[in-house]
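Here's the structure, in structure tokens; my notes come after.
Please treat every number below as a calculation from the coordinates, not as lab data. Computed from a predicted structure; not experimentally measured. Please note: Cβ atoms are built from the backbone with ideal geometry, for glycine as well, and neighbour counts cover all protein chains shown.
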Amino acid sequence: MQGEFILEIQYLSKEKKEPPEPQSKILFTGLDAAGKTSIILALQREFSKIALLKPTRGAQRRIFEFLGREIAEWDLGGQISYRISYLKNPGKYFDGTEIAIYVIDIQNKPRIPEAMSYFKDVVEQFRKLEIEPPIYVFFHKYDPALRRNAMNEFKSLEIDLKEKLRRSVDYKRIYYYNTSIYDLNSIISAMSEILLNLYPKAELISKTIDEFAKKVDSEGVVVIDDNSLIIGYFYKDEETKNLLSASTPYFLTLNDSFQFTQVIPGRIEEEGKMIVQRFGRNFIFKKLNIRDVKTPYYILMLKGDPAINKEDFDSFANIMTEILFK
Ligand SMILES: Nc1nc2c(ncn2[C@@H]2O[C@H](COP(=O)(O)OP(=O)(O)OP(=O)(O)O)[C@@H](O)[C@H]2O)c(=O)[nH]1
Ligand SMILES: [Mg+2]
């Protein structure tokens, strides 16, 4: 009994010595119907919810983990009455923002002046609070059909908007992304890049993945978490990059659908491995066995030979565990 008690104390004091990483606040803001909640749901692959979306009421918060760090995601409903209340109480809504994502519906041209004006208001709040988080402007609803059919028109709108935004505020760190929920990769790569910037170990992860790819003779490797966020990758060339980034969200979705499927009792399956053969190569999708984590990580790789040596794979998973959680 006594032994157990001591163990518990040691456990507690160990916990105390290593406090969890502080929370990072990431703020989604912009006008109503810009697509903020849809972007968040698309990353969670909650597609059925997107179709039924109602305007967000006030500030909705969600906490999720990215590489062991807690991220507090604030989705600020953009209807005018809410916007007024946020601006009246900036300390409550804007303070502590580490990353701001400002979403603009690029298809709704009549509302662009209103979107620019609220952008200025948001920047003004940061200034008042004496914080200077990077602002990522998403030119959203930049749908694939639009890119195909009205490329020139939207390119010039984009250039014009960037120029106007730049001139409207005196603010250093503003970056731009074109996004659409119909091009999931646009959202995944934007959000992954943004969040990886917060993470000092990103480079080490990248190196580890490079080495693993070489060892197992793979043309490309992507490691993804359960929020569809890419935590590291290696691509041999641009073509591999395009092939892997376009297919990543579909492997995740397919994997989701299998999780709800009843498996025949007694049949053992190999850790959810999926192999798709195309273009004379193999896309291999597999769960990564990272110890002691609540949410799963996955790996998608492109290889000529579909076999992977189990030891290489396990040793990669072990190194990743060391980097991520030690
Ligand atoms: N065409 C297109 N429509 C989109 C896209 N993203 C979202 N939408 C649609 O835009 C509408 C508004 O999306 P929401 O995500 O509710 O917008 P919001 O910014 O959260 O709005 P508030 O909660 O009121 O602030 C929905 O009907 C979505 O289906 C996109 O990339 N392309
Ligand atoms: Mg919303």
>> With n ≥ 4 as the cut-off for DSSP H runs, can you work out [θ] at 222 nm for the chain, using -39500 (n - 2.57) per run divided by the number of residues, rounded to the nearest 500?
In response: -14000 deg cm²/dmol
>> Once you keep just the Cα pairs under 8 angstrom separated by 6 or more residues, what percentage relative contact order results for the chain?
In response: 14 percent
> Charges only on Cβ, +1 for Lys and Arg, -1 for Asp and Glu: so what's the dipole of the chain about the Cα centre, in debye to the nearest 20?
Replying inline: 940 debye
> Tell me, what is a quarter of the convex hull surface for the C-alpha atoms of the range 160-202, in nm² with one decimal?
Replying inline: 4.1 nm²
> Counting only residues 5 or more places away or on other chains, whose amide H sits under 5 Å from the amide H of residue 136 once H atoms are built in the peptide plane?
Replying inline: 100, 101, 102, 175
> Within the range 83-111, what residues put their amide N at less than 18 Å from the label point 7 Å along the Cα-to-Cβ vector of residue 23?
Replying inline: 90-101
> Of 123, 276, 223, how do they rank once you tally other Cβ atoms within 10 Å and put the fewest first?
Replying inline: 276, 123, 223
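Which pairs break 23 Å Cα to Cα here: 128/172; 92/120; 25/155?
Violating the 23 Å limit, Cα to Cα: 25/155.
Taking the Cβ-Cβ separation of residue 162 and residue 61 as r and a Förster radius of 30 Å, what is the calculated FRET efficiency to the nearest 0.05?
Approximately 0.50, to the nearest 0.05.
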> At each listed q (0.17, 0.20, 0.23, 0.27 Å⁻¹), what is the log10 of I(q)/I(0) that the Debye formula gives for the range 59-135 modelled as equal alpha-carbon point scatterers?
Replying inline: -0.73, -0.97, -1.20, -1.43
> If all Cα-Cα distances of the chain are sorted into 10 Å bins from 0 onward, what percent lands in each bin, rounded to whole numbers?
Replying inline: 5, 23, 29, 24, 14, 4, 1, 0
>> Suppose the chain between residue 273 and residue 84 were pulled fully straight at 0.36 nm per residue; how much longer would it get relative to their current alpha carbon spacing?
In response: 63.0 nm
> Given the convex hull over the Cα atoms of the range 202-325, what projected area results after averaging over all orientations, in nm²?
Replying inline: 8.0 nm²
>> If I model a spin label at residue 109 and residue 69 as a point 7 Å from the Cα along the Cα→Cβ vector, what separation in nanometres do I get?
In response: 4.1 nm
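Using only Cα atoms, what is the ratio of the radius of gyration of the range 95-208 to 2.2 N^0.38 Å?
Normalised by 2.2 N^0.38 Å, the Cα Rg of the range 95-208 equals 1.16.
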>> How much of the DSSP bridge set in the range 24-196 is antiparallel, in percent, rounded to the nearest 5?
In response: 30 percent
> Would you list 61, 69 from fewest to most Cβ contacts within 10 Å?
Replying inline: 61, 69
> In vacuo Debye scattering of the range 24-196, one point per C-alpha: log10 I(q)/I(0) at q = 0.15, 0.18, 0.20 Å⁻¹?
Replying inline: -0.84, -1.25, -1.58
> For labels at residue 129 and residue 152 in the simple 7 Å Cα→Cβ model, what's the distance in nm?
Replying inline: 4.3 nm
>> Using a 10 Å cut-off around each Cβ, can you sort 65, 203, 311, 73 from fewest to most neighbouring Cβ atoms?
In response: 311, 203, 65, 73
